[in-house]
Structure formats: C-alpha cells, structure tokens
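The structure that follows is given in the form of structure tokens.
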Amino acid sequence: MPERLSLASKISKVVHSQSFKLGIGSQGRLGNAIVDLYAKCGNIEFAEKAFHRLESVDLCAWNSILSLYSRQELLDQALRHFGSMRNCGVGPNQYTFAILLSVCGRLMDAEFGKQVHCNVIKTGFEFNSFCEGSLIDLYAKLNYVIDARRIFDAAKAPDTVSWTAIIAGYVQAGLPEEAVKLFEDMQKLSCFPDQVAFVTVISAFLELGRLDDACQLFAQMPNPNAVAWNVMISGHAKRGYEWEAVKLFQNMRNAGVRSTRSTLGSVLSAIAGMVNLEYGLQVHAQATKQGFDSNVYVGSSLINMYAKCQKMEDAKRVFGPFDEKNVVLWNAMLGGYLQNGYAGEVMELFFSMRVLGFHPDEFTYTSILSACGWLENLGMGQQLHSYIIKNKLEDNLFVGNALVDMYAKFGALDYARRKFELLKNRDNVSWNAIIVGYVQDQKEDEAFKLFERMTSDGITPDEVSLASILSACANLQALDRGKQVHCLSVKYGLETSLYAGSSLIDMYAKCGAIATAYEVFISMPERSVISANALIAGYAQHNLEKAVYLLHDMLVEGLKPSEITFACLLDACTGPSTLNLGRLIHCFILKAGLVYEDDFLSISLLGMYMCSQGKIDANILFSELPNPKSAVLWTAIISGHAQNDCSEEALQFYLEMRRQNAMPDQATFASVLRACSLLASLRDGREVHSLIFHTGFDLDELTSSALIDMYAKCGDVQSSIQVFTEMDTKNDVISWNSMIVAFAKNGYAEDALQTFDKMKEAHVKPDDVTFLGVLTACSHAGKVFEGRQVYDIMINHYHIEPRPEHCACMIDLLGRWGFIDEAQEFIHELEFEPDAMMWAPFLAACRLHGDDIRGQLAAEKLIELEPEKSSPYVLLSHIHAASGNWDGVNSVRRRMKEKGVRKFPGCSWILVGEKTNLFIAGDKSHPSADEIHEVLKDLTELMKDEDYFTKIESFVCNIED
C-alpha cells in the first residue's frame, strides 16, 4: 500500500507539472482535482502548496484538505482549516460535516461536536447517511451511548457505517451484550457487515469470553485483514488460550497477511505464557526480518518472552541496542529481572535508569518496591515511598498496592495496614496483599476479619485470597472454617482451579481430613505438580506407603516431580525402618539430576539419613557435595550429628567448616553449642562463644539462649548469668527458659524462682518449658509449697495443659520430700494412664523413704511398661535387699536373666590436653588402662588407711552371656 501511494504521488507531480506547462495548473476544476489527488496520496506539502495557489477554491478542495488533515491526525489544523473555510464564505456539505464530526470524536471535544450537530440540523443534513453515521460515531466515542442510540433509532435505513458505529459504542461503553444483540439485528435486516463491524463484534465476543462465537464469526469474514487477525490473536492470548493464539498466528502467515507490531506483540505474549523458547526464537526472527525488532512495543514483548523463559541474557541483548529507550522498555527489563529473582539487578538497573534521566512511572515503582521486599531492604523501600509521595504517585492504585505488599512482606503490618486503609479504590490485589501479609505473620484472626470485610464490601474473592485464607485455616487447623471457605470457592467456581484447589487439598491434609483432600484432588479437571505435592505432603505424615503410590501415579500422568515432591517424602522417612525407602528416593533424585542443583534437596537428604540412623550414608553424601558448601549444608550435617549424640563428630565438622572459611549462622551455633553441652566441653564452648561475639551473633536471643544452656550444662553457671545479663533484649521466652533451667539443673532454686518472677515483671508470657524448669528447681530444693503454687498457676492462670513431664516433676517433688501419700494420690487423680516417666520418680521416692510396699507396686508397674530396661529391676532389688529379702533379690535376678535384660555400664569422660578420654565400667580398652588401674589401686589403699572407704552393701547385677 505505501508503495502504491508513493507511485500515485509521483504521477500527481507529473500531471501537475504538465498542467503548469500548459498554463492551467491552478485553474478551475483541474486545479481542485490536483489538490484532491495530492491529499489522497497523503502528500501534505504539495497538497498545501497546490491549495494555496488555486485561483478559485471550491468546496471539493476544502474537503480534500480537511480530509487529509483528519487522516494524518492533524486534528487541530483540521478545525482551523474549517474556520478559514467559513471565513471565506464557503458553506459545508454533508462530507464536510462527516469529517468535522470524526475530528471532534477523536479530540473528545463534546462542545464543538454539539455545535457541529446544530449546524447539521440547520442545514438539513441530519438524516443524510454520511452525517448520521458520523453523529452516531461522535456520541459513541464520547460515551454518550443514549444519544447515539437516539440518532440511530431515528434513522430510516441506517447503513453499515451507522450499524458499526453504534455497535462499537456499546463495546466501548462496556456493554458487549448489547453490541452482540445489535449485530444480530443487523444480520436479520440483511445488512452485510464490513471489516470494521466484524472486528468490533469479534471483540465483543472475546470480551464476553465467547471464544467459539468469535471464531465462528471470524470464519465468516471475507479476507480478514491484519486488524481482525490481531484481535483474534490478542483475545485468545489475554484469556489464557496461548496455544490457540499461536495457531492463529501461523494461520495468518499461511494466509499471506503481513504481521504488524500488534500481531508480534500479542503472539509473543502468548509464547511467554507458554514458556516456549523455540516458538519465541521463530517470532523473534520474523520481527527482525520485518524490521520490528527495533520497535518499542515488539522489543518490550521480546524482553518479556525471554524473561518468562528464564533467558535474561537474551533479554539484555534485545534491550541493549535500543538507542532511544523509553520507560516501557526499562519496565520490561525491571519486570524480567524481578520475575527471575534477580532483585539486586533490579536495583542496579533502576539506578542506571535514574542516572540517564528517565522518570519512573507507576509500573517502575511496582517492580522496584517488590525488589526491596526480596532484598529485605526496608530502608530503601521507605526512601522510595518518600519519592513516590514527592512525585504524587501515592494515590495510584498500582503503586499503593505495591507499597502495601512491600510493607507486608517486611512484617511491618502497621505501615501496610495504614497504607491499605488510605487506598481509595481498592481492588483484589489490594485485599490480597494485606490478607497474605497477616497470614504470613501468623496473625490469622486479623486475616479472617479482613477477608470477611472484603466480601461484605462487594469484592469477589479470587484464587489468591481464597488460597491465603485456606492457608490460615491450615495453620490453625480450623477445619470447620476451612469447610466454609470451601463452600465459597464452590460458589465462585474456583474449587478446582490451580491455586485454590491445591490450597484446599493442603488445608484438609493439615487438618487431618486426608480422605477429603483426596476427593478434592481427584475432582480437579487438570492436576498439577502443586496439587499433587499438597496431597503427597498430607499422606506422607500419615500413610507413607500411599504417598509413594501417589508419586507413582504422578509419573504415570506425565507430571514431573519437583524438589518439593521429594522433600515431602524424605521428611517422612524418620526411622531405621524407612532408611531403604530414603535410599531409593535418593537414587531417583540422582537419576533426575536434581540433587546438586541447589541446597534444598541436599538438606532434606542429609536430614533423612540422620533421622533414619544412616550416619555413614549422610557422611558419604556430604563428602560428594561440591565445594564450597553453604553454611546451611554445614549446619545440616553438624546438627544431624549433635541430635544423634555424635557430639565429637559434630565438633569435627564444625572445625572443618571453619577451615573452609564457611561462616556459621544462628542455627550452626545452636547445634555446635549443643554438642559442647553433651560433651561437657567447656573449652570448646568458650571458643565457639568467642566467634559468636566477633560475628555479632551475641546480640541474637536464640544464640545467647544456646550459650546459657551450654555453660549451665558444663557447670559454669556464672558464665550463664553473665551471658543472660549482657543480653540487650530478652523478649523471647526461650532466653528466660534457658536461664531458669540453668539455675534449676545446677541447684540454684532461689535464683530460678527469682528469674521466674523477673520474667513475669518483664511481661514475657511463660510457656510449658518455663514451668518445667521452675518445678524442677522446687523439686531439687525441697520447695514443696512453692511447687504446688507454681503448678496451680500454670493450670488455672496461664491455662497450660500439664504434660507428662510436669506431672513427673510434681511426683518427684512430693515423693522426694516425704509426701508419699500425696504423690500417690496425685497419680491416681490423673486423667490419663501414668507412664514410666511418672512411676520412676515415685519408685525412687519409695526406696529413699523405705516404703517397700508401694515401692514394689511402682517397680512392677515400671517393669510392665518398660520390660527391656534394667533400672526398675535394680531399684526393686535394692528394696528387697534393704529389707533382707534375699529371695526377692534372687527372684529379680532370675527374671532379668530370663528376659535378657542387662544393666548397661556407666561411663564418664575427661579432657586431657587436646584429647577427650572416655571410660566405661569394666572396659580395659584405654591404651593407658594398666597405669590408670595402678593409680586407682594406690588411691583406694590410701582411702582405706584414712577410713574414707565405707563398705556399702549394694546389689550388683552381673549376668553372664
């Protein structure tokens, strides 16, 4: 088309020059025709020159210039030209008015349009088909649909232009149903639609979600143009039918219709949704071939496509060559980096954008505020907030939503809520941001209130809000409330959607309704990895075998398991019986090539092996992981050994971690301090404390609590007190618990009680561990009255349900200090069956106070509950021996022998130099055993000579194999 216009323009110049040679170039009808010819060719310069040289300007020439200005979007010039025409005394005709009304519509100039309408009526052109169509189009563009319809209904025989104008008006006004009805009326009257009418109604069908009707109507179009193809491609892409959009694009090319920038932008959007790099590369090649790769619209679409395909280097190659970058391109790059988790690059690009003088818009701030959330940089976010206020963008809904989301992600819910309440026109995104924030901060009650307020305000919940509130129900295990939300999701047709459906499965699984979770899963028309993972996670906690079968079904359906799938199964492998299953899963992960991609699965595998007593497997896996290993991996192996009482190995791993310059974190320090506690290795503990101090973790409450516990277990209570005293903040109950338990375990009952009082004064709410520590202190110090009070406060004031440990502590307190009757009564009044933990202190109390009858009863109960343990047999034997019942002693010995019960020898250790020496009763494996025994023999003789050696009658149980 441009080539044909260019040729026509050249011919016009030839004709014009020939007319000048003949001396008639600016005369009569020929001169006016030449102006019209230049105007139709779009040659403004020559059209204006020819127009101004005319000796006599007729209405046709005026209309030609008006039409030219209108087509070239020189709308203000068109209006000025009309004024000149009227000043010259030339009266307009129907064509003039049609042009003017079109100009007013595009300028959205209602006042001038109405004046033109008056002139149309005065001059009698009101019912002229040209003017009717233009008037309908004017009022439709101005959103005066009622006025447009009044003119349309008054028309005797509206032509295709009028029908198209009124239909387009209804579409523009957001009334696509009315537009479709009018189109049906148009067809009934045998008025064949033109290309514009077809495209307008196809747009209406697409807006209504009637894609089949849109396709059917599109098929009826004779030789659809590029605009029609674009509407179809764009409509399908926007509604999630990406593959259909790509097929339409292919059909468009096969039909020989040349792509426009809109075509390429729409199909690239569809390809981005499909994450199909192969198709994206083909369209990129097409864009380059047509010269559109340097177009801003196509360029931003290419950047978005590469970003969705996780190819940010390719996106950078598209972005780089643009000489004149605009904010749209910058926003595309910022959004791409954000989607791929490169928050640091988002910040760098933003600063580059500002240095180059580009002004951020609302979409820029949306990306940069999200990046601040990723980077946990609240200070930067607050600075941006001040810039937003300065640039008067705070009232923008997109920016406001981003601010709410950012503050919510930081846990700064007061700021988030304040900003949320200031939003004038809240949408689903606004509500979702604040609700998700409260759920993530475990403030579910407030999230529920906001959700109810949202629905009462007439906002229909979407997938995100339903998924969030279902997550809150899962956190609280609020099954009844979860069922109510399920009903809502059914009402809005979202119960089988990807996110809401998966959240329903997760909620039911976490609330223990695993069968209902399975029903939701099988009802989903399209199952995803997310929904399968939610169900597998639920079954893994209750029925590991079923969870494994679900993994098999997942593979059969062609779903590719993710890291979360395997992590859920590995987390359920928690004992020696599941070790082989864990190994099989490990093999599957290796086959899938996932284990070394990041730390996530490696940590799960290490945890599985340590929990399943596969320490050797864990060590082998750890050695195979590539260096440098992250602090998280080192922490996993250290904590695994510490929790399995392999404290020496845990310390060795810690030392190796330091040799490889990996920096410990809070969790690492907690694990290694536990190992030091179990070894009672004060020297190692102090070395760890030194590093904690130098790395600034001494300001962390959890790390300080672990230090208090380590020093206490190593017997250095003064150091525990010093750490506790130097803590800047003591807001966490754990730090108070650590100090109370430290005092209790080391016999400082008064200090434990005083610390408990100070804790209450600091308004820190005690928990069950607090009371266990205080009761232990009372038991060790004989503070029976105080112990009774503390137990009563725990139940009646703080409403804490006593655990078996609390009950055992009370039995020990009462029994140890002679209140045997009360201890027995306490046992009988328990609402549950007492276990071995409670009978053991009662038995010890009976032996201590010589109560043989109740002692024998307690011992028999213990033997019944724990027949494989030696301690009740030994204590029962002591009771028999103390009363001279040697037959009873022999009877107990026989029972032990018959049941294969052995008394495991005690052990102790001592640190000499760099080496920890372990001693077990009866063991002679120590390399210096002979020398040690000689020294012990000499010491024993010295004790006998000084009368320090007292003969103690005791029961010694030596059972031969």
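The values are calculated or read from the model by the stated rules, or taken from the named source; none is laboratory data. In this text the structure is predicted, and so the values were computed from the model without any measurement. Cβ coordinates were reconstructed from backbone atoms using ideal geometry, including for glycine residues, and neighbour counts include every protein chain displayed. Surface accessibility is based on the protein's heavy atoms, side chains included, excluding ligands, DNA and RNA. Shrake-Rupley method; radii C 1.70, N 1.55, O 1.52, S 1.80 Å.
When the residues of segment 160-210 are filtered to those that are of a type in the set (Ser, Thr, Tyr) and surrounded by 22 or more Cβ atoms within 10 Å (Cβ to Cβ), which remaining residue is farthest from residue 142 (Cα to Cα)?
Among those residues, the one meeting the criterion is 203.
Something else about it: Output the residue which, of all residues in segment 311-336 that are assigned to a helix (DSSP H, G or I) and touching a Ser or Thr at 6+ places or on another chain (Cβ under 8 Å), is most open to solvent (accessible area, probe 1.4 Å).
Ranking the qualifying residues of segment 311-336, first place goes to 328.
Let me ask something else about it. For the subset of segment 291-310 comprising residues that are part of a helix (DSSP H, G or I) and among the polar types (S, T, N, Q), which member is most open to solvent (accessible area, probe 1.4 Å)?
Among those that are part of a helix (DSSP H, G or I) and among the polar types (S, T, N, Q), it is 304.
Looking only at residues in segment 666-701 that are in contact with a helix residue (DSSP H, G or I) (Cβ under 8 Å, 6 or more places away or on another chain) and among the aromatic types (Phe, Trp, Tyr), which one is farthest from residue 630 (Cα to Cα)?
The selected residue is 697.
Still on this structure: Could you tell me whether residue 811 is at pLDDT 90 or above, over 18 Å from residue 737 (Cα atoms) and part of a helix (DSSP H, G or I)?
Judged against the criteria, residue 811 is a match.
So, one more: What number of residues in segment 62-115 are within 23 Å of residue 147 (Cβ to Cβ) and outside any helix (DSSP H, G or I)?
Qualifying residue count for the region: 3.
Considering only residues that are loosely packed, with under 14 Cβ neighbours inside 10 Å, more than 15 Å from residue 510 (Cα to Cα) and not β-branched (Val, Ile, Thr), which ones fall in segment 444-495?
Hits for segment 444-495 are 445, 449, 452, 453, 456, 457, 458, 484, 487, 491, 493.
Let me ask something additional. Of all residues in segment 722-763, how many are part of a helix (DSSP H, G or I), under 20 Å from residue 696 (Cα atoms) and open to solvent by 50 Å² or more (accessible area, probe 1.4 Å)?
Residues flagged as part of a helix (DSSP H, G or I), under 20 Å from residue 696 (Cα atoms) and open to solvent by 50 Å² or more (accessible area, probe 1.4 Å) within segment 722-763 amount to 4.
For the list (1) within 30 Å of residue 256 (Cβ to Cβ); (2) part of a helix (DSSP H, G or I); (3) in contact with a Phe, Trp or Tyr (Cβ under 9 Å, 6 or more places away or on another chain), I need the number of the one condition that residue 288 fails.
Unmet condition: (3).
So that you can scan it fast, the table gives a plain yes or no per residue for (1) over 20 Å from the mean Cα position of the chain (by Cα); (2) assigned to a helix (DSSP H, G or I); (3) among the hydrophobic types (A, V, I, L, M, F, W, C):
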residue: 407; (1), (2), (3): no, yes, no
residue: 414; (1), (2), (3): yes, yes, no
residue: 417; (1), (2), (3): no, yes, no
residue: 439; (1), (2), (3): no, yes, yes
residue: 449; (1), (2), (3): yes, yes, no
residue: 455; (1), (2), (3): yes, yes, no
residue: 472; (1), (2), (3): no, yes, yes
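Additional query: Report yes if residue 525 is of a type outside the set (A, V, I, L, M), in a loop (DSSP other than H, G, I, E, B) and open to solvent by less than 70 Å² (accessible area, probe 1.4 Å), otherwise no.
Answer is no for this residue.
Moving on to the next point. Just the residues that are among the β-branched types (Val, Ile, Thr) and without any contact (Cβ under 8 Å) to a residue 12 or more places away in the chain, please, taken from segment 250-292.
288
Right, next: Return the pair list, or none, for Cβ contacts closer than 6 Å from residues in segment 61-75 that are under 10 Å from residue 47 (Cα atoms) to residues that are crowded, with 24+ Cβ neighbours inside 10 Å, at least 6 apart or on different chains.
Close Cβ pairs (under 6 Å, with a partner that is crowded, with 24+ Cβ neighbours inside 10 Å) amount to 61/35; 64/35; 64/39; 68/39; 68/47.
Taking only pairs six or more apart or across chains, which ones have beta-carbon atoms under 7 Å, a first residue in segment 122-133 that is in contact (Cβ under 8 Å) with a residue 12 or more places away in the chain and closer than 18 Å to residue 105 by Cα, and a second residue that is open to solvent by less than 60 Å² (accessible area, probe 1.4 Å) and in a loop (DSSP other than H, G, I, E, B)?
129/159; 131/125; 132/155; 132/158; 133/159
Find the residue count for segment 523-579, including only residues that are without any contact (Cβ under 8 Å) to a residue 24 or more places away in the chain and among the aliphatic types (A, V, I, L, M).
Number of matching residues: 4.
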